[in-house]
1. Considering region 79-112 alone, what residues qualify as being within 8 Å of the ligand (Cβ to nearest atom), among the polar types (S, T, N, Q) and under 19 Å from Thr176 (Cβ atoms)?
2. Return the total of residues in region 207-223 being within 11 Å of the ligand (Cβ to nearest atom) and either assigned to a strand (DSSP E or B) or crowded, with 24+ Cβ neighbours inside 10 Å (or both).
3. Among the residues of region 12-27, write down those that are closer than 19 Å to Phe41 by Cβ and either modelled with pLDDT under 95 or not aliphatic (A, V, I, L, M) (or both).
4. Within region 359-402, take every residue that is part of a loop (DSSP other than H, G, I, E, B) and within 24 Å of the chain's Cα centre (by Cα) and give me the one that is farthest from Met7 (Cα to Cα).
5. Which of (1) surrounded by fewer than 17 Cβ atoms within 10 Å (Cβ to Cβ); (2) of a type outside the set (D, E, K, R); (3) in contact with a Phe, Trp or Tyr (Cβ under 9 Å, 6 or more places away or on another chain) is the odd one out, the single condition Thr289 does not satisfy?
6. Do you know which residues across region 3-26 are farther than 24 Å from Glu372 by Cα and not acidic (Asp, Glu)?
7. Determine which single condition Ile56 fails, assuming it passes every other condition in (1) in contact with a Ser or Thr (Cβ under 8 Å, 6 or more places away or on another chain); (2) within 16 Å of the ligand (Cβ to nearest atom); (3) not acidic (Asp, Glu).
8. Suppose we keep only residues that are more than 13 Å from the chain's Cα centre (by Cα), in a loop (DSSP other than H, G, I, E, B) and within 16 Å of the ligand (Cβ to nearest atom) within region 1-20. Which one would you say is farthest from Val219 (Cα to Cα)?
Amino acid sequence: MKLPIYMDYHATTPLDPRVLEAMLPYFTEKFGNAASRSHAFGWTAEEAVERSREEIARLIGANDERSGQPDGKSIVFTSGATESDNLAIKGVAEFYKEKGNHIVTTKVEHKAVLDTCKRLEKDGYEVTYLDVDRYGMVDPDAVAKAIGPKTLLVSVMLANNEVGTVQPIAEIGKITRAKGVLFHSDAVQGIGKVPFDVNAMHVDLASITAHKMYGPKGVGALFVRRSKPRVRLTAQMDGGGHERGLRSGTLNVPGIVGFAKAAEIMRLEGKAEAERLVRQRETLKKKLTARLPEVHLNGHPEQRLPGNLNLSFAYVEGEAMMMAIKDVAVSSGSACTSASLEPSYVLRAMGVGEEAAHSSIRFGLGRFTTDEEIDFVARLVIEKVEKLREMSPLWEMAREGIDLTQVEWAAH
Ligand SMILES: *Cc1c(COP(=O)(O)O)cnc(C)c1O
């Protein structure tokens with residue numbers, strides 16, 4: 001077993017070797033510009049791009065209604081999900097501004113959605129940020145209640161990147177479709193791991209990125225529904241009119257080919273992989289909770305990403321814990337918003353207390369996680385948590401039955 005161990009698969013994933021293999025020819029002999037219509041180099045690249053569109057459409061159920069075949073044209077390639085989220089939300093807001101000015105989203109979305117909404121608020125749009133329950137789940141009824149005559153778009157993520165909670169996308173899609181409001185989903189974390197079908201779930205726009213599913217970084221896609229309803233967007237990038245005018249810029253052909261290979265592998269192997277990950281995740285959880293008292297699960301117990309285990313270890317600072325388990329790459333609820341030491345806004349929205357948020361650790365399991373690594377991490381975490389708690393006066397007081405909420409501290 002090699003150290004350090006990677007357990008941060010929500011942040012990014014390593015490239016699957018099969019993806020790299022598929023990409024390589026497109027850096028060298030098949031280097032053409034997919035927009036070059038006048039020669040074979042361009043045609044080869046364009047063909048690869050069109051095939052890739054279909055493969056990605058197939059993974060998310062973006063089938064043409066009449067033919068039942070994957071609708072490649074509904075896939076717009078971007079630089080990643082941040083750009084896809086921006087294009088979806090700003091694109092709809094601008095295109096339909098005569099119709100309304102209201103957007104509905106949730107408090108637990110990725111920053112790419114939240115900061116885009118904040119920008120729109122500065123430009124005069126109104127945004128409703130829905131609460132979630134203690135499991136991080138949004139209530140479809142709350143979505144229905146928030147929709148008014150000026151609402152243009154509802155944006156709810158498929159699965160949360162911190163706590164792994166999977167949102168009731170199908171129920172929300174039913175509501176938005178019935179009310180004639182467009183529905184965007186940042187589907188990055190859940191693609192290939194939990195059920196997602198844009199037609200069955202009435203999703204009109206969906207953001208995806210390759211590097212969260214064993215593809216390369218810097219390439220993503222936005223699914224844009226082409227019929228019933230046909231979604232219109234204002235482009236955010238002007239230029240050569242690539243991607244049907246929705247996203248100008250020379251296509252990253254090797255990246256797109258790799259993205260499609262990653263999508264194909266997910267389509268064929270995702271289900272079996274998810275089952276294995278659930279087993280490994282539950283093993284890790286059982287090992288830790290069997291030995292350590294006061295360990296709490298963050299996120300939904302069942303409706304969660306297979307590879308996500310987010311735990312709060314009471315009386316242990318997440319930062320201290322990460323230092324103590326340096327051989328394991330994980331994230332903490334106090335570090336999730338990059339450099340700041342603010343507790344995670346996702347945990348806060350779920351009503352998790354500040355202490356518990358600061359003591360949370362996200363274990364992200366993925367394709368290359370082994371049973372041996374699970375055993376190693378469980379042993380290491382148990383050892384370090386016991387040690388850190390031994391050094392904690394608060395832990396000692398709590399053990400002695402002192403109610404810490406009743407203690408009057410001399411200085412803070
Ligand atoms: C990683 C992530 C993004 C951003 O994707 P990039 O391709 O890195 O821009 C957006 N949303 C979610 C839920 C993510 O996990």
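The values are calculated or read from the model by the stated rules, or taken from the named source; none is laboratory data. Just so it is clear, the model here is predicted, and its values are computed rather than measured. Using ideal geometry, Cβ is built from the backbone for each residue, glycine included, and neighbour counts are taken over all protein chains shown.
1. The answer is Ser84, and nothing else.
2. Start the filter on region 207-223 by keeping residues that are within 11 Å of the ligand (Cβ to nearest atom), which leaves 207-213, 215-221.
From what is left, the residues that are either assigned to a strand (DSSP E or B) or crowded, with 24+ Cβ neighbours inside 10 Å (or both) are 207-210, 212-213, 215, 219-221.
Result for region 207-223: 10.
3. If we filter region 12-27 for residues that are closer than 19 Å to Phe41 by Cβ, which is where we start, we get 22-27.
Within region 12-27, Pro25, Tyr26, Phe27 meet the criteria.
4. Filtering first and then ranking leaves Ser359.
5. Single failed check for Thr289: (3).
6. Of everything in region 3-26, those that are farther than 24 Å from Glu372 by Cα and not acidic (Asp, Glu) turn out to be Val19, Leu20, Ala22, Met23, Leu24, Pro25, Tyr26.
7. Failed condition: (1).
8. If we take residues in region 1-20 being more than 13 Å from the chain's Cα centre (by Cα), in a loop (DSSP other than H, G, I, E, B) and within 16 Å of the ligand (Cβ to nearest atom), then Met7 is farthest from Val219 (Cα to Cα).
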